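Data block below; observations after.
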């Protein structure tokens, strides 16, 4: 049997293990990216390794999340990032240059390369034929230092695309259909590989929309072939030399094949409060809309914004609608301005937002109370917009623009408008002046690292205890996201200050958690978190593990976990466990006193842990699934402790 794209690219980078789905492998990482929300801690950890510089082909630090300066904290972090990049040989993308995934696709993405990013939407790079994976900042820091990235060898699911999208149906509707089919859980340790005759009808930005939002499926990554469409895109970026053909063998073997006929798709929407709650736009039509936001790393390309501009040209958005447009990059902004499309957007009443993640992470453009907000972004978790009771719907640029005009959710097929056609430029206006490229090694050694008062060292790691004596500090339900665990938005300015940021753990769920956990920790007790299914979905934000670790959490016991958060918990010495008998979930309550004697010894020997519930005078077994490498990390108290100990 032949090989898939996924297997070809991963096998070309394997440095430990072999292709055997489910087994642990390690792959060489060619490129890394960070963003300011996660990158500051990643670089603090990189510094703690005491390395002279990066060992990757390319590492880029993007400032794109917290670009609004409210207080000194964000500006201080940006200054720190500038100095770190200059010191260690990292390319810096300055605030105002754009969103990491859009910019990286334009300027640095290369077919056939591996990319590891401290952002869960790093799989955007799969749209250009990369194996692009989101991870916690510590994993990225270690990759920058030359260490391989460890992952479960994935199963490969082929999404066979046939036909061609009809007018008013777009790539956003394609990925929403895939989410409708597969849902947001049950896809861990899979790669979704797109193929079939329908692929040729999708531009690279459209492919990137699909691979970007594939993160909501919970897969390791998604990937498209590198073909003539890819070549044309790279030529338009002045990077023809970076192109190479990558395709699956005709007789490639897959673990599963699912066919999607593009010609049968209709406009879709993800309804509150999950990207997996899919409905047709037609079924929602007529619902009044308060806000429309077009942009984010999912839908902020030149093609996306020109499409919206052509729909809005000569019209004005409805009086009840606030329209926000956030271009994904400086290149996109300059090119839509050159074509006159920026003026069309402004004339229609659009407010042009910063070239950043802004509204998507809830640190700007929060909607009004109980508002209906249509957004072209990738997540609509409760409260993520910055407004707890807002109702956020995820839609295509076409649906968003038409709905902004009508003031209500509108099926664009029934608008009476002609669906605009957008031709991609043969050559974009290129301007790399907002990148700061590193100097030679001699100059780098003289750079002084800038540290503001909000920037601290990574917290001290402690070995896993022989005896766990703790309390269930919180019990949660299903689909607890990293936004539930540690809030984004305005709170994220404390990302470099773990003691302060830890005050807000589970703030949106139970505001008393942090104080309760601190009290238990300071009394010498361990904290245990109990959760339901799909615990830790969403962002790669490792603070969702670091801050609980700082508060004394030693075990997270859930029905199931998402991949990145599992890795982050392990990296910071927290044991992710599941119920051997899920009925035990209903037999445990918040406040229960738990004990496990001989815990560290049991983990070192791979034996099940027995938790005694002293409150209820019961006991039950819990399961965990650690490789030998992960066992060493948990027992040492975290990956950084292992790294330091190996010197």
For this session: Please go through segment 579-616 and pick out each residue that is assigned to a strand (DSSP E or B) and surrounded by 18 or more Cβ atoms within 10 Å (Cβ to Cβ).
Result: 579, 594, 596, 609, 611, 613
Problem set entry | Residue among 511, 523 that is under 26 Å from residue 366 (Cβ atoms) and either surrounded by 22 or more Cβ atoms within 10 Å (Cβ to Cβ) or free of Cβ contacts under 8 Å to residues at least 60 places away in the same chain (or both) | 511
Exercise. Which strands (runs of 3 or more DSSP E) sit wholly inside segment 283-397 and have at least 1 residues that are surrounded by 24 or more Cβ atoms within 10 Å (Cβ to Cβ) and in contact with a helix residue (DSSP H, G or I) (Cβ under 6 Å, 6 or more places away or on another chain)?
Worked result: 291-294, 322-325, 372-375
Exercise. Limited to segment 50-64, what total is found for residues that are surrounded by fewer than 18 Cβ atoms within 10 Å (Cβ to Cβ) and in contact with a strand residue (DSSP E or B) (Cβ under 8 Å, 6 or more places away or on another chain)?
Worked result: 2
Exercise. How many residues does segment 604-622 contain that are out of contact with any helix residue (DSSP H, G or I) (no Cβ under 6 Å at 6 or more places or on another chain) and closer than 24 Å to residue 517 by Cβ?
Worked result: 10
Problem set entry | Selection within segment 632-645 - within 24 Å of residue 525 (Cα to Cα) and surrounded by fewer than 18 Cβ atoms within 10 Å (Cβ to Cβ) | 632
For this session: Collect the residues in segment 150-174 that are touching a helix residue (DSSP H, G or I) at 6+ places or on another chain (Cβ under 8 Å) and more than 21 Å from residue 9 (Cβ to Cβ), keeping them in residue-number order.
Result: 162, 163, 164, 165, 166, 167, 168, 169, 170, 171, 172, 174
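Residue under question is residue 281, and the condition is that it be more than 30 Å from residue 345 (Cβ to Cβ) and touching a strand residue (DSSP E or B) at 6+ places or on another chain (Cβ under 6 Å); does it hold? Before you say what the answer is, go through the steps one by one.
Working: more than 30 Å from residue 345 (Cβ to Cβ): no; touching a strand residue (DSSP E or B) at 6+ places or on another chain (Cβ under 6 Å): yes.
No; evaluated as a whole, the condition is false for this residue.
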Problem set entry | Among (1) more than 26 Å from residue 135 (Cβ to Cβ); (2) buried (at least 23 other Cβ atoms within 10 Å of the Cβ) - the single one residue 218 does not satisfy | (1)
Seminar exercise, completed: Checking 479, 423 in turn, the sole residue that is within 25 Å of residue 238 (Cβ to Cβ), out of contact with any helix residue (DSSP H, G or I) (no Cβ under 8 Å at 6 or more places or on another chain) and outside the structural domain of residue 204 (by TED's automatic domain parsing) turns out to be 423
Exercise. Within segment 602-615, can you find the residues that are out of contact with any strand residue (DSSP E or B) (no Cβ under 9 Å at 6 or more places or on another chain) and farther than 26 Å from residue 139 by Cα?
Worked result: 607
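Answer yes or no as to whether residue 312 is closer than 17 Å to residue 417 by Cβ, at pLDDT 95 or above and touching a strand residue (DSSP E or B) at 6+ places or on another chain (Cβ under 7 Å).
On the way: closer than 17 Å to residue 417 by Cβ: yes; at pLDDT 95 or above: yes; touching a strand residue (DSSP E or B) at 6+ places or on another chain (Cβ under 7 Å): no.
For residue 312, the condition - closer than 17 Å to residue 417 by Cβ, at pLDDT 95 or above and touching a strand residue (DSSP E or B) at 6+ places or on another chain (Cβ under 7 Å) - is not met.
Are any residues in segment 446-484 in contact with a strand residue (DSSP E or B) (Cβ under 9 Å, 6 or more places away or on another chain), surrounded by 16 or more Cβ atoms within 10 Å (Cβ to Cβ) and closer than 17 Å to residue 538 by Cα, and if so, which ones? Spell out how you get there, then give the answer.
Of the residues in segment 446-484, the ones in contact with a strand residue (DSSP E or B) (Cβ under 9 Å, 6 or more places away or on another chain) are 464-465, 467-476, 478-482.
Among the residues that remain, those that are also surrounded by 16 or more Cβ atoms within 10 Å (Cβ to Cβ) are: 464, 468-476, 479-482.
Correct list: 476, 479, 480, 481, 482.
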Exercise. Among the residues of segment 91-101, which ones are crowded, with 23+ Cβ neighbours inside 10 Å and either out of contact with any helix residue (DSSP H, G or I) (no Cβ under 7 Å at 6 or more places or on another chain) or modelled with pLDDT under 95 (or both)?
Worked result: 99, 100
Seminar exercise, completed: Among helices (runs of 4 or more DSSP H) entirely within segment 430-519, at least 2 residues that are farther than 24 Å from residue 387 by Cβ occur in 441-444, 498-501
For this session: Go through the residues of segment 331-343 one by one and say whether even a single one is out of contact with any strand residue (DSSP E or B) (no Cβ under 7 Å at 6 or more places or on another chain), under 30 Å from residue 383 (Cβ atoms) and at pLDDT below 95.
Result: no
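The values are calculated or read from the model by the stated rules, or taken from the named source; none is laboratory data. Treat the numbers as computed from the prediction; the structure is a model and nothing was measured. Here the Cβ is made from the backbone with ideal geometry for all residues, glycine too, and neighbour counts use every protein chain on show.
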